[in-house]
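In what follows, a structure is listed as structure tokens, so that the remarks can point back to it.
The values are calculated or read from the model by the stated rules, or taken from the named source; none is laboratory data. Just so it is clear, the model here is predicted, and its values are computed rather than measured. As a convention, Cβ positions derive from the backbone with ideal geometry for all residues, glycine included, and neighbour counts pool all protein chains shown. All accessible areas refer to the heavy atoms of the entire protein, side chains included, with ligands and DNA or RNA removed. Shrake-Rupley method; radii C 1.70, N 1.55, O 1.52, S 1.80 Å.
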Amino acid sequence: MSPRHAVDAVAADIHDHHITVDNTGLFNATRHIGLLCHLTSRMTADAEYQLAPNITGLPPAEILGRTAGHL
């Protein structure tokens, strides 16, 4: 799945599962946050991996990917 398709899939999930003020809404909000964190981690790791040969002094992709998900 390309990054664009992944972002579109997350956006579609957000539109299909609304956040409400009940237990389901809390689950949906947590799920959306989890999906966005996972997507951020993957995209950051992919970008760093592609840039690594050109930029010295960056942390390894694994570390960068793990920390980006907590944004």
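A compact table of results
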item	result
Residue in region 59-68 that is at pLDDT below 80 and part of a loop (DSSP other than H, G, I, E, B) present	yes
Those residues of region 30-51 which are surrounded by fewer than 12 Cβ atoms within 10 Å (Cβ to Cβ) and either polar (S, T, N, Q) or in contact with a His (Cβ under 7 Å, 6 or more places away or on another chain) (or both), in sequence order	Thr30, Gln50
Qualifying positions in region 4-29 - open to solvent by 70 Å² or more (accessible area, probe 1.4 Å), in contact (Cβ under 8 Å) with a residue 12 or more places away in the chain and assigned to a helix (DSSP H, G or I)	none
